[in-house]
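K.L.:
Take this structure, written in structure tokens, and hold onto it; I'll ask about it next.
The values are calculated or read from the model by the stated rules, or taken from the named source; none is laboratory data. These figures come from a predicted structure and were not determined experimentally. Note that we place each Cβ from the backbone using ideal geometry, even for glycine, and neighbour counts take in every protein chain shown.
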């Protein structure tokens, strides 16, 4: 067996290349939109990509599943419940994908998404027991995938799915689809773990179902451009926005300089937090435009220099970088709304907000 983990620092995601050294067949799991690294690896090592599998319909980055399948003639696979608008091979719980002598056994693990699955890897010449689990966004290192998109029922499903993974032996290695990012609040930056280590030390796996559901109600912010990314990954629309933008290229404005910058530039204020955060208090004259909806609401963005605001300044950096890449002039408020409040400046609490 040949196995390679790709770590994508720009998205905090992982993808996987798993191949049979005997048959030279390979599968790519959770490919990113840039498919060149997988194609180059296959060419360099003499493998033929026969299967492309997404563990779920991703909402925080664009998938390369269709592009890679088209370029290689590979079979594109998703769980049978995936609401995709393009043809795919439907995988079911306990079904198996054969890559030469290797077996990728499907485990339906809904919760983060209804169609979420994990892949249990078995290499029979070595052992009939599983050696690895590609856990998607179900089980992370030190955390679990956010289940809040499905409400209480999603949280219950996620609890059951993680417990099902815990039925695997302690030695089984865990390779998740994320090592950082917005899909989990407490995940460790390590890119892999084992079932045994997570069973003992993952705090989310120590909770009862009621405690787990209560924790799931603490909703983290939705990822940047989530609305349109999910629709693009479903095949419901074509993506037409930049996918590469650097946060470190964006200028920041201090709270003390914000008023003069706005006046000198006839600037507008965009608050990219969630609506509930915005309603609790925001910079006066700010417009509520959650980062999750940015690419789908570009027509609503004022054609003026933009001061982008969030809670602490982290989300606004990414949002401002995206806006700059799409042609807007944008800077980020250093310290965010929290810094604004700490400076004793006034806040507004209207539920929608508008830019004047």
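K.L.:
Take residue 323 and decide whether it is surrounded by 14 or more Cβ atoms within 10 Å (Cβ to Cβ), out of contact with any helix residue (DSSP H, G or I) (no Cβ under 8 Å at 6 or more places or on another chain), under 14 Å from residue 271 (Cα atoms) and modelled with pLDDT of 95 or more. If you could, list the steps in order and put the result at the bottom.
P.N.:
Numbers: surrounded by 14 or more Cβ atoms within 10 Å (Cβ to Cβ): yes; out of contact with any helix residue (DSSP H, G or I) (no Cβ under 8 Å at 6 or more places or on another chain): yes; under 14 Å from residue 271 (Cα atoms): yes; modelled with pLDDT of 95 or more: yes.
Considered against the rule, which asks whether it is surrounded by 14 or more Cβ atoms within 10 Å (Cβ to Cβ), out of contact with any helix residue (DSSP H, G or I) (no Cβ under 8 Å at 6 or more places or on another chain), under 14 Å from residue 271 (Cα atoms) and modelled with pLDDT of 95 or more, residue 323 comes out as yes.
K.L.:
Can you tell which of 108, 79, 8 is at pLDDT below 95 and touching a strand residue (DSSP E or B) at 6+ places or on another chain (Cβ under 7 Å)? Show your work before the answer.
P.N.:
Numbers: 108 fails: at pLDDT below 95; 79 fails: at pLDDT below 95.
8 is the lone residue from the list that is at pLDDT below 95 and touching a strand residue (DSSP E or B) at 6+ places or on another chain (Cβ under 7 Å).
K.L.:
Considering 142, 136, 150, which residue is touching a residue at least 24 places away in the same chain (Cβ under 8 Å) and touching a helix residue (DSSP H, G or I) at 6+ places or on another chain (Cβ under 7 Å)?
P.N.:
Working: 142 fails: touching a helix residue (DSSP H, G or I) at 6+ places or on another chain (Cβ under 7 Å); 136 fails: touching a helix residue (DSSP H, G or I) at 6+ places or on another chain (Cβ under 7 Å).
None of the others qualify; the one that does is 150.
K.L.:
Go through the range 231-267 and give me each residue that's modelled with pLDDT of 95 or more, exposed (fewer than 13 other Cβ atoms within 10 Å of the Cβ) and under 29 Å from residue 83 (Cα atoms).
P.N.:
Across the range 231-267, there are no qualifying residues.
K.L.:
Filter the range 109-133 down to the residues that are assigned to a strand (DSSP E or B) and touching a residue at least 40 places away in the same chain (Cβ under 8 Å), then identify the one that is nearest to residue 25 (Cα to Cα). Can you show your working first?
P.N.:
Initially, the range 109-133 is screened for residues assigned to a strand (DSSP E or B), giving 117-122, 132-133.
If we keep only those that are touching a residue at least 40 places away in the same chain (Cβ under 8 Å) as well, we get 117-121, 132-133.
Details: 117: 22, 118: 20, 119: 17, 120: 18, 121: 15, 132: 18, 133: 19 Å.
It comes out as 121.
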